[in-house]
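The values are calculated or read from the model by the stated rules, or taken from the named source; none is laboratory data. As the structure is a computational prediction, the values presented were derived from the model and not from experiment. No Cβ is skipped: glycine too gets one built from the backbone with ideal geometry, and neighbour counts run over all protein chains shown. These area figures cover heavy atoms from the full protein model, side chains too; ligands, DNA and RNA do not enter into them. Shrake-Rupley method; radii C 1.70, N 1.55, O 1.52, S 1.80 Å.
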Amino acid sequence: MAQLVTFTVDGVKRPGALKNDRVLDLQAAGLPVGDQGDLMAIAQGGDDTLGAVNAAINNWSAPDCALNAVSLNAPIQHPRKVIGIGLNYIDHCREANMAVPTEPVVFTKYSTSVTGPYDDVHWYEDVCHDMDYEVELGVVIGKQASRVSEENAMDYVLGYTVVNDVSARDLQLGGAGQWDIGKSLDTFCPYGPAIVTRDDIKDPHDLDLSLSVNGELRQTSNTSNLIFKIPALIAYLSKGITLLPGDLIATGTPFGVALGMKEPIWLKDGDVCEARVDGLGVIRNTMRARS
């Protein structure tokens, strides 16, 4: 299984591959490195570069490090686009008291919202206060995609990852209904810990996903319950928007968010969210309120 990561060692970010709690230095293996020291150049390299990555993993002769000796960062620090899909599980539509959509509900999370799989998520108390969580399957684009068909859409996927679509509901749903701002504040898109390449996931539409807050299970479902599956999303988006390598699509969240509770239990300072997707790993983020 190719698990592609961006890691920091001795203060320097590098692209890597994770296997058996060891991290292979892909830059030392001759693979290209993005401007941020991340996986962007590998995502942009297409099938030939991915083939070279797999060869480096199989050979495993470049320098490596123990996983516990490095820190993991967001796999791609600044994707050109982070595209969110709203209301993509029927049970979530019902808890949010919203109609089941007849076409994908699309919003933007700005690239500056991206943070690492174990980094703190923060917000300013003079900006927002009704903080919510959303575990999601993330899809990372591996080839430029414009007007692709559903039948061919999966060919444009680099791999999959875990996303927590952190949301300030008072901004998203109150006042002017600022969906993009409520979803896009700094650190509101933790993701990772890796990009697991497409061929290593047998069926992305049969993955268990869950989220807990301070060890209490809040969300649990399976990606088989997605209303709009990955090929439909890529085809829909690429009709008029060119998807680029490294772009991240957060495919939607299931039932169990704070918004859906009779008396919402919003996230507070010090809470720890763990978001998990079967086969892709776990991201763990501490919530921090700033005055």
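Within the stretch 198-226, work out how many residues are closer than 19 Å to E103 by Cβ and surrounded by fewer than 20 Cβ atoms within 10 Å (Cβ to Cβ).
The number of residues fulfilling the criteria is 2.
Yes/no matrix, rows are residues, columns are (1) more than 21 Å from T161 (Cα to Cα); (2) open to solvent by less than 10 Å² (accessible area, probe 1.4 Å); (3) aromatic (F, W, Y); (4) over 18 Å from the mean Cα position of the chain (by Cα):
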site	(1), (2), (3), (4)
V33	no, no, no, yes
G46	no, no, no, yes
A66	yes, no, no, yes
V70	no, no, no, yes
A74	no, yes, no, no
Q77	no, no, no, no
C93	yes, yes, no, yes
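When residues of the stretch 246-264 are filtered for being over 23 Å from Y118 (Cβ atoms) and surrounded by fewer than 24 Cβ atoms within 10 Å (Cβ to Cβ), how many remain?
Selection size over the stretch 246-264: 7.
List the number of the failed condition for I141; all other conditions in (1) exposed (fewer than 15 other Cβ atoms within 10 Å of the Cβ); (2) touching a strand residue (DSSP E or B) at 6+ places or on another chain (Cβ under 7 Å) hold.
So I141 meets the others, but not (1).
So which residues in the stretch 178-197 are open to solvent by 50 Å² or more (accessible area, probe 1.4 Å) and out of contact with any Leu (no Cβ under 7 Å at 6 or more places or on another chain)? Show your work before the answer.
Step one: list which residues in the stretch 178-197 are open to solvent by 50 Å² or more (accessible area, probe 1.4 Å), which gives 178-181, 186.
Listed by number, the residues that qualify are W179, D180, D186.
Please go through (1) in a strand (DSSP E or B); (2) in contact with an Asp or Glu (Cβ under 9 Å, 6 or more places away or on another chain); (3) open to solvent by less than 10 Å² (accessible area, probe 1.4 Å) for T161 and return the number of the only condition it doesn't satisfy.
(2)
Give the residues of the stretch 3-15 that are touching a Leu at 6+ places or on another chain (Cβ under 9 Å), of a type outside the set (D, E, K, R) and over 19 Å from G279 (Cβ atoms), sorted by residue number.
Those that are touching a Leu at 6+ places or on another chain (Cβ under 9 Å), of a type outside the set (D, E, K, R) and over 19 Å from G279 (Cβ atoms): T6, F7, T8, P15.
Looking only at residues that are of a type outside the set (S, T, N, Q), touching a Pro at 6+ places or on another chain (Cβ under 9 Å) and surrounded by fewer than 21 Cβ atoms within 10 Å (Cβ to Cβ) in the stretch 1-31, which one is nearest to L158 (Cα to Cα)?
From the stretch 1-31, those of a type outside the set (S, T, N, Q) are 1-2, 4-5, 7, 9-19, 21-26, 28-31; that's our starting set.
Applying the additional criterion that residues be touching a Pro at 6+ places or on another chain (Cβ under 9 Å) yields 4-5, 7, 15, 18, 24-26, 28-29, 31.
Those still in the list that are surrounded by fewer than 21 Cβ atoms within 10 Å (Cβ to Cβ) too: 25, 28.
On the way: D25: 19, A28: 22 Å.
The qualifying residue nearest to L158 (Cα to Cα) is D25.
Can you report the number of residues in the stretch 234-280 which are within 16 Å of the chain's Cα centre (by Cα), of a type in the set (A, V, I, L, M, F, W, C) and over 14 Å from V82 (Cα atoms)?
Selection size over the stretch 234-280: 4.
Among the residues of the stretch 196-216, write down those that are among the β-branched types (V, I, T) and either out of contact with any helix residue (DSSP H, G or I) (no Cβ under 8 Å at 6 or more places or on another chain) or part of a loop (DSSP other than H, G, I, E, B) (or both).
Step one: list which residues in the stretch 196-216 are among the β-branched types (V, I, T), which gives 196-197, 201, 213.
Residues satisfying the conditions are V196, I201, V213.
When you go through (1) surrounded by 16 or more Cβ atoms within 10 Å (Cβ to Cβ); (2) farther than 24 Å from S71 by Cα; (3) in contact (Cβ under 8 Å) with a residue 24 or more places away in the chain; (4) of a type outside the set (S, T, Y) one by one for D271, which number turns out not to apply?
(2)
Being part of a strand (DSSP E or B) and out of contact with any Asp or Glu (no Cβ under 9 Å at 6 or more places or on another chain) is the filter here; which residues of the stretch 217-239 pass it? Reasoning before the result, please.
Within the stretch 217-239, the subset part of a strand (DSSP E or B) is 217-222, 226.
L217, R218, L226, listed by residue number.
Among the strands (runs of 3 or more DSSP E) confined wholly to the stretch 1-111, which include 3 or more residues that are touching a residue at least 60 places away in the same chain (Cβ under 8 Å) and touching a strand residue (DSSP E or B) at 6+ places or on another chain (Cβ under 9 Å)? Break it down into steps so the answer makes sense when it comes.
Working: elements: 3-9, 12-19, 22-25, 64-66, 71-73, 82-86, 105-108.
In the stretch 1-111, 3-9, 71-73, 82-86, 105-108 are the strands (runs of 3 or more DSSP E) which contain 3 or more residues that are touching a residue at least 60 places away in the same chain (Cβ under 8 Å) and touching a strand residue (DSSP E or B) at 6+ places or on another chain (Cβ under 9 Å).
Matching residues to (1) modelled with pLDDT of 95 or more; (2) touching a Cys at 6+ places or on another chain (Cβ under 9 Å); (3) crowded, with 23+ Cβ neighbours inside 10 Å; (4) under 25 Å from D35 (Cβ atoms):
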residue	(1), (2), (3), (4)
A96	no, no, no, no
V121	yes, yes, yes, yes
V135	yes, yes, yes, no
R147	yes, no, no, no
